[in-house]
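None of the figures in this text is laboratory data; all of them are computed from the coordinates on show. Treat the numbers as computed from the prediction; the structure is a model and nothing was measured. Cβ placement follows ideal geometry from the backbone for every residue including glycine, while neighbour counts extend to all protein chains displayed.
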Amino acid sequence: MPKRILIVDDSPVILAASKHALAEAGFEVETRSGIDELGDKGADGFDLILMDVQMPELYGDDVAAVLKLERSVTTPIYLFSTLTEEELEERAREARVDGYISKSEGVVHLVDSVRRALAM
């Protein structure tokens, strides 16, 4: 059974490219174009969540922190952004999420990072 990944990002281009690359690598991928599409149970049933940081309605690291700390989501959450590695690392630590992946590194890096995150 393929690992299920949820990508939350406001960019249709990023969603399409990321979904295509991860699906080609054998993952089952669902996308949400914003935080409002998550809903109360939107994080359930996934093996990994990739959360964009800079979205129009809220910062993804704030949403991730709420999911982890207040809603007790146990699914690994990785921040997914073009921010610098230093800023991503700091935001991931502050949000108490499981890690981060830079969009700037491209889709090959994305697939490799997801495989490492899922210990595949």
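Here are some notes:
- In plain terms, the chain from residue 70 to residue 104 could stretch by 9.2 nm, reckoned as 0.36 nm per residue minus the Cα-Cα distance.
- Sequence ranges 67-76, 87-96, ranked by mean other-Cβ count within 10 angstrom, highest first: 87-96, 67-76
- For the chain, adding -39500 (n - 2.57) for each run of n ≥ 4 DSSP H residues and dividing by the number of residues yields -11500 deg cm²/dmol at 222 nm.
- Relative contact order, percent, the range 6-120 [alpha-carbon distance under 8 Å, six or more residues apart]: 23 percent
- In summary, the aspartates and glutamates within cross-link reach of residue 68, defined as a Cα separation below 16 angstrom excluding same-chain residues under 8 places away, comprise 40, 44, 47, 52, 94, 98.
- Cα shape, the range 4-117, gyration tensor, a/c 1.5 rule: rounded
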